[in-house]
Amino acid sequence: MKKIFLFSMLTLICVMAAAQTYRPHGSNRSKGHIEIKGDVAVSQLVQKHIELNERVRTIPGYRIQVASLSGTASKNRAFEMKDRIREAYPGVEAYVVFDEPNFKVKVGDFRTRLDAYVFLQKIRVDFPGTIIRDNIYPTQIDWDEMVPETEDDI
């Protein structure tokens, strides 16, 4: 029985080796065609994701939360604080966000946590209890400023 099995395996190996043909590198090879078969719903979902990414241009970043206010007249206090921040720190944007039941006052559009931390040290004197929050906000970046024009800018 072992001899028959061994003989049949040896024969199979020889047939497989003889069936392969040698083509030298650079010979005419037929170009193949790849077709991926899958569920149509998956490809539709991927297409929707691509369209959404093209429409909604956002980037990750950081803002500093200055206050979280609730209760009577919290909306008015939040907008007053926003105006006070804009006056004290020109060039830095301030926002009021309603996160039920709180009005949160946030400041800045920082690309890195380090940038947010540096500004946090400046603002902490006037607004104690501030914290850095992760945030995703629409792109308002001048991409020409992001790309160095010369090697000296690097």
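Since every read-out is calculated from the coordinates, none of them should be taken as a lab result. Keep in mind that this is a model prediction, so the values were computed, not measured. Reconstructed Cβ throughout: ideal geometry from the backbone, glycine too, with neighbour counts over all protein chains shown.
Numbers for the structure displayed
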{"quantity": "Protection proxy ranking of 66-78, 105-117 - average other beta-carbon atoms within 10 Å, highest first", "calculated": "105-117, 66-78"}
{"quantity": "For residue 130, distant residues with modelled amide H under 5 Å away", "calculated": "none"}
{"quantity": "Amide H within-cut-off set for residue 67, under 5 Å, with H built and near neighbours excluded", "calculated": "105"}
{"quantity": "Residue 59 long-range amide H proximity, modeled H, under 5 Å", "calculated": "137, 139"}
{"quantity": "Residue order, fewest to most beta carbons within 10 Å, for 130, 11", "calculated": "11, 130"}
{"quantity": "Length released on extending from residue 92 to residue 133, taking residue separation times 0.36 nm less the Cα-Cα span", "calculated": "13.2 nm"}
{"quantity": "Calculated P(r) of segment 54-130 - Cα pairs past 21 Å, %", "calculated": "29"}
